[in-house]
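What follows is a set of notes on a single structure, which appears directly below.
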Amino acid sequence: MYDANPLIHHLRAASLGREDAVFATRPGADPLRYGDLFAGAERMAAALVSRGVQPGDRVAAQVEKSLAAIELYLGAVMAGAVFLPLNPAYTDAEVAYFIGDATPRVFVCDPARRESLRAVAGEAAVLTLDGEGQGSLMELAAGQAGFDPVARTPSDLAAILYTSGTTGRSKGAMLSHENLYSNSLTLRDHWRFTAEDVLIHALPIFHTHGLFVATNVALLAGAQVVFLPRFDAEFILAALPTSTALMGVPTFYTRLLAQAQLTPDLAANMRLFISGSAPLLVETHEQWEARTGHRILERYGMTETNMSTSNPYDGARIAGTVGQPLPGVEARVMLEGQELPQGEIGVLEVRGPNVFQGYWQMPEKTAEELRPDGWFITGDLAKIDDSGYVTIVGREKDLVISGGFNVYPKEVETLIDDLPGVLESAVIGVPHPDFGEAVVAVVVPTEEGTDAAAIQAALSGQLAKFKQPKHVALMQELPRNTMGKVQKKALRERFAGLFT
Ligand code: AMP
């Protein structure tokens, strides 16, 4: 009966008949077994249907990370609905936009915000779920029995994930059953996940990384997860000796490196450290290898495409690159409609079963970014070497054009990061009366420290004049979002008036 629903069928296949196998352990709570996880998901599906959810309806959830929230995701897909997770940090006004745009049948929110969010929930039935797995949704689910997953086809939608919307309005990326299961199957096999694995899961589950990469891959392998509500260095260090894999954003690795207990011995049981969602510095990669004996495997993807490239499991994991296109995925670099030769920088496009179905109710945006022959224009600037390894050099919108010349922030950042006394940097373009845009470097010094004049002096011999920062600002830390991405938009706003 699970066969009728393609994503659920795949997510359940490895655990069928292994009902007592543990899916998740949590600090201070009982383990959750596979049989109970799926029984819980069936009750969630029945609860949603009892509130009127029909196939194709959206089920939105703005809830804290919990295993009940994973059951809600699975239950929504079982009910034939389209799951729509939202970052708990979004304000009521932001939630109002998503609800107005996606018109969900059911909206699940934190009980503490129920009253204010009800005002923006429109026609949606409002149910609640807190971080401990309590709330009106659970009460409704508790009274339900089993559920036969609703039949769906591979091209039916399973989820809508809104992009972070750093330029303009946030867009709902429509992901089909096939988009999700095909990518997770590819990753499971590429990264060799099996039922023997124990994956440390410390990522948020409103984003593609924690929900689809980490959760789906673990389920498809019938593996176990150490389910942590958020990144916590102490819990992760405690879990390392009995775990086999960690999926993290680069900040996980830099924060863990700051812990003295991190040693090769502590990581001896681990077989794989994976990083993605933001660029991993070469330096972090090297320090991690020195401290643990493991080479981090870096991969690249985005909400619209799931994962597109990965460094190999066997073979060279090249620091600073995001590896080769995954099996079944094609990648090319384009400039003004022409494919560029190897090694040249242009806009990366990808094609394959991983690529989404378009933006929810935005046909013009979809047409701008998704070509009729299936190539998706990622908006990332990249180059591909002769072994097929892709290097991301930044977002196209972060490109600085100074005096008519292109400056790729990554080139300048890499040189600055190599200077003594520099921890990390972000290079941005800000309005300039003569040059259109001027290069500005925002630098985080190490404890030993450095100053703006030393940085400018060191760069002057290494970079063409137009690439040299017209201003170097020192900051304690760079603004980042929950996925560890540097918020260049916030930096551009902060330094916008520097030359005008
Ligand atoms: P999101 O849709 O929030 O997952 O963001 C996707 C974007 O994150 C991509 O378009 C890239 O700009 C960036 N990104 C993801 N993984 C990497 C990586 N390994 N290296 C550099 N940038 C990355």
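The values are calculated or read from the model by the stated rules, or taken from the named source; none is laboratory data. The structure presented is a predicted model; accordingly, all values stated were derived computationally and were not measured. A quick note on method: Cβ atoms are made from the backbone with ideal geometry, for glycine too, and the neighbour counts reach across all protein chains shown. Quick note on the areas: whole protein, heavy atoms, side chains included, nothing else; ligands and nucleic acids left out. Shrake-Rupley method; radii C 1.70, N 1.55, O 1.52, S 1.80 Å.
Selection of first residues in the stretch 189-208 that are in contact (Cβ under 8 Å) with a residue 60 or more places away in the chain and of second residues that are open to solvent by 30 Å² or more (accessible area, probe 1.4 Å) and of a type in the set (A, V, I, L, M, F, W, C), restricted to Cβ pairs under 7 Å at least 6 apart or on distinct chains, gives the following pairs, ordered by first then second residue: Ala195/Ala14. Within the option set Glu304, Glu330, being more than 23 Å from Lys467 (Cα to Cα), charged (D, E, K, R), open to solvent by less than 30 Å² (accessible area, probe 1.4 Å) and touching a residue at least 12 places away in the same chain (Cβ under 8 Å) holds for one residue only, Glu304. The single condition among (1) without any contact (Cβ under 8 Å) to a residue 40 or more places away in the chain; (2) at negative phi; (3) open to solvent by less than 40 Å² (accessible area, probe 1.4 Å); (4) more than 16 Å from the ligand (Cβ to nearest atom) that Ala457 does not meet is (3). The residue of the stretch 214-245 that is farthest from the ligand (Cβ to nearest atom), among those that are over 18 Å from Tyr300 (Cα atoms) and among the hydroxyl-bearing types (Ser, Thr, Tyr), is Thr242. When Leu281 is tested against (1) open to solvent by less than 10 Å² (accessible area, probe 1.4 Å); (2) under 18 Å from the mean Cα position of the chain (by Cα), just one condition goes unmet, and that condition is (1).
Ala159 passes all but one of (1) among the small types (Gly, Ala, Ser); (2) within 15 Å of Val49 (Cα to Cα); (3) not in a loop (DSSP other than H, G, I, E, B); which number fails? Result: Ala159 fails condition (2) only. Residues of the stretch 161-183 that are within 24 Å of Glu396 (Cα to Cα), in contact (Cβ under 8 Å) with a residue 60 or more places away in the chain, of a type outside the set (D, E, K, R) and more than 13 Å from the ligand (Cβ to nearest atom): Met174 alone.
The residue that is farthest from Val150 (Cα to Cα), counting only those in the stretch 34-62 that are aliphatic (A, V, I, L, M) and open to solvent by 20 Å² or more (accessible area, probe 1.4 Å), is Ala39.
Scanning the stretch 55-92 for residues that are in a loop (DSSP other than H, G, I, E, B) and among the acidic types (Asp, Glu) turns up Asp57, Glu64. Just so you know, in the stretch 246-261 the residues that are among the small types (Gly, Ala, Ser) and open to solvent by 10 Å² or more (accessible area, probe 1.4 Å) include one that is farthest from the ligand (Cβ to nearest atom), and it is Ala260.
Quick one: is Leu211 within 16 Å of the ligand (Cβ to nearest atom) and surrounded by fewer than 24 Cβ atoms within 10 Å (Cβ to Cβ)? Answer is yes for this residue. Within the stretch 268-282, residues that are over 16 Å from Leu256 (Cα atoms) and of a type in the set (Gly, Ala, Ser) sit with their Cβ atoms under 6 Å from residues that are part of a loop (DSSP other than H, G, I, E, B) and within 16 Å of the ligand (Cβ to nearest atom), at 6+ positions apart or across chains, in these pairs: Ser277/Val249; Ser277/Met483; Ala278/Val249; Ala278/Gly484; Ala278/Lys485.
Of note, Val430 satisfies the criterion of being more than 21 Å from Gly301 (Cα to Cα) and either surrounded by 19 or more Cβ atoms within 10 Å (Cβ to Cβ) or more than 12 Å from the ligand (Cβ to nearest atom) (or both). Selection of the stretch 365-386 for residues being assigned to a loop (DSSP other than H, G, I, E, B) and surrounded by fewer than 16 Cβ atoms within 10 Å (Cβ to Cβ) yields Arg371, Pro372, Asp373, Gly374, Asp385, Asp386.
Return yes when Ala473 is at pLDDT 95 or above, under 26 Å from the mean Cα position of the chain (by Cα) and of a type in the set (Gly, Ala, Ser) and no when it is not.
no
Consider the stretch 262-318 and keep the residues that are part of a strand (DSSP E or B) and closer than 17 Å to Ala233 by Cβ. The one that is nearest to the ligand (Cβ to nearest atom) is Ser275.
Flag set for Thr186, criterion: away from the ligand (no atom under 14 Å from the Cβ), open to solvent by 10 Å² or more (accessible area, probe 1.4 Å) and not in a loop (DSSP other than H, G, I, E, B).
To keep it simple, each residue is scored yes or no on (1) aliphatic (A, V, I, L, M); (2) at pLDDT below 95; (3) touching a strand residue (DSSP E or B) at 6+ places or on another chain (Cβ under 6 Å).
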{"position": "Ile205", "(1), (2), (3)": "yes, no, no"}
{"position": "Val217", "(1), (2), (3)": "yes, no, no"}
{"position": "Phe273", "(1), (2), (3)": "no, no, yes"}
{"position": "Ala278", "(1), (2), (3)": "yes, yes, no"}
{"position": "Leu297", "(1), (2), (3)": "yes, no, yes"}
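Of all the listed residues (Ile392, Ile428, Ile377), the sole one being farther than 19 Å from Gly484 by Cβ and modelled with pLDDT of 95 or more is Ile377. Looking only at the stretch 262-278, filter to residues that are open to solvent by 10 Å² or more (accessible area, probe 1.4 Å) and polar (S, T, N, Q); which one of those is nearest to Ile200 (Cα to Cα)? Going through the qualifying residues, I end up with Asn269.
A quick yes/no check of all residues on (1) of a type in the set (Gly, Ala, Ser); (2) within 16 Å of the ligand (Cβ to nearest atom); (3) out of contact with any strand residue (DSSP E or B) (no Cβ under 7 Å at 6 or more places or on another chain):
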{"position": "Gly343", "(1), (2), (3)": "yes, no, no"}
{"position": "Arg351", "(1), (2), (3)": "no, yes, no"}
{"position": "Pro363", "(1), (2), (3)": "no, no, yes"}
{"position": "Phe376", "(1), (2), (3)": "no, yes, no"}
{"position": "Asp380", "(1), (2), (3)": "no, yes, no"}
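Taking (1) buried (at least 17 other Cβ atoms within 10 Å of the Cβ); (2) modelled with pLDDT of 95 or more in turn, Pro409 satisfies each apart from (2).
Pick out the one residue from Thr378, Thr321, Thr309, Thr366 that is hydroxyl-bearing (Ser, Thr, Tyr) and over 20 Å from the mean Cα position of the chain (by Cα).
Checking each option against the conditions leaves just Thr366.
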